[in-house]
Structures are given as C-alpha cells and as structure tokens.
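Working notes, beginning with the structure itself.
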Amino acid sequence: MNVFLWILQALLAAAMLAAGGGKLAQPYEKTAESMAWARSFSAGQVKTIAALEVLAAFGLILPAATGIATALTPLAAVGVALIMIGAVITHARRSEWPNVGVNIVLLAVAIVIAWGRFGPYAW
C-alpha cells in the first residue's frame, strides 16, 4: 500500500504542478482566454490558487522524500482536497461538467492520500 500511495502522490503532485505552474507562467489575460472560469476571479485570486497548487505539489513529495516534517504530506493532500472542493463548486455553478468530473477524481485521490498518510500508512 505504501508504494500505491507513493504513486498516487506522484501523480497528484504532477497534476497540481502542471495546473498551477501553467497558470503562474502565463499572464492572467491568457489564462482567462483558455480557462473561462478564471474570468470569475481577479488576477490575484487566480495567481493565489496557482501558487497554492504548486505548493501542494511540493508538499505531497518533498517532506516524505526527505523525511523532514513528514506530517506536511497528508496536510498537503488535505489542501488539495480543499482546492478541489472549491473547483467542483466553481465548475458546477458554471455547468462545466467535464471539469467537475476531473476535479472529483483529483479530490478522491487527495482523500485517499490523506487517509493513508494520516492513518495506517503514516511515516
């Protein structure tokens, strides 16, 4: 199960790094063109969401890999779960159902990681 959780952590970290990094790397206007939901938020809010996604990606891997402050790994998973709850609500209000599905999958993965790392497969 530990290997399975590591795989989930790596996949979720990659998804969060790609999502957050993409939003951080391009200007707000370009993000708003490609992601309609971004128009509902200010540039600062979108950049904050992106930064939290990138931080969560690092939090899913680095503490566990280094053995330093390993309790941050399940906390990062909880953070991802909270981000995904917000994403589900945002996309559902806008009737962006394919995005809701992706967010629910990422939410489920984050919950499994948090459960495993807080519970029976903690460091």
(message) Among the residues of the range 71-123, what is the count of those that are part of a loop (DSSP other than H, G, I, E, B) and surrounded by fewer than 15 Cβ atoms within 10 Å (Cβ to Cβ)?
(response) 7
(request) Check Ala64 against each of (1) modelled with pLDDT of 95 or more; (2) surrounded by 18 or more Cβ atoms within 10 Å (Cβ to Cβ); (3) more than 16 Å from Ala36 (Cβ to Cβ) and name the one condition it does not meet. (result) (1)
(request) Show the residue pairs that are 6+ apart or on different chains and have beta-carbon atoms under 8 Å apart, the first residue being within the range 37-54 and under 21 Å from Ala77 (Cα atoms) and at pLDDT 95 or above, the second being surrounded by 14 or more Cβ atoms within 10 Å (Cβ to Cβ) and among the polar types (S, T, N, Q). (result) Val46/Thr31
(message) Restricting to the range 1-35, count the residues that are within 22 Å of Leu82 (Cβ to Cβ) and touching a residue at least 60 places away in the same chain (Cβ under 8 Å).
(response) 7
(message) Can you list residue pairs whose Cβ atoms sit under 8 Å apart, with the first residue in the range 68-90 being farther than 11 Å from Ile104 by Cα and touching a residue at least 40 places away in the same chain (Cβ under 8 Å) and the second being among the polar types (S, T, N, Q) and crowded, with 21+ Cβ neighbours inside 10 Å? Count only pairs 6 or more apart in sequence or on different chains.
(response) Thr73/Gln9; Ala77/Gln9
(message) Just to check your reading of the model, which residue among Gly86, Gly44, Gly79 is of a type outside the set (D, E, K, R) and in contact with a helix residue (DSSP H, G or I) (Cβ under 7 Å, 6 or more places away or on another chain)?
(response) Gly79
(message) With the structure loaded, tell me whether Ala14 is assigned to a helix (DSSP H, G or I), small (Gly, Ala, Ser) and loosely packed, with under 14 Cβ neighbours inside 10 Å or whether it fails that test.
(response) yes
(message) So for the range 40-50 (the condition being assigned to a helix (DSSP H, G or I), crowded, with 18+ Cβ neighbours inside 10 Å and of a type in the set (Val, Ile, Thr)), does at least one residue qualify?
(response) yes
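The values are calculated or read from the model by the stated rules, or taken from the named source; none is laboratory data. Every value quoted in this text rests on a predicted model; they were computed, and no experiment measured them. Glycine gets a Cβ as well: all are built from the backbone with ideal geometry, and neighbour counts include every protein chain shown.
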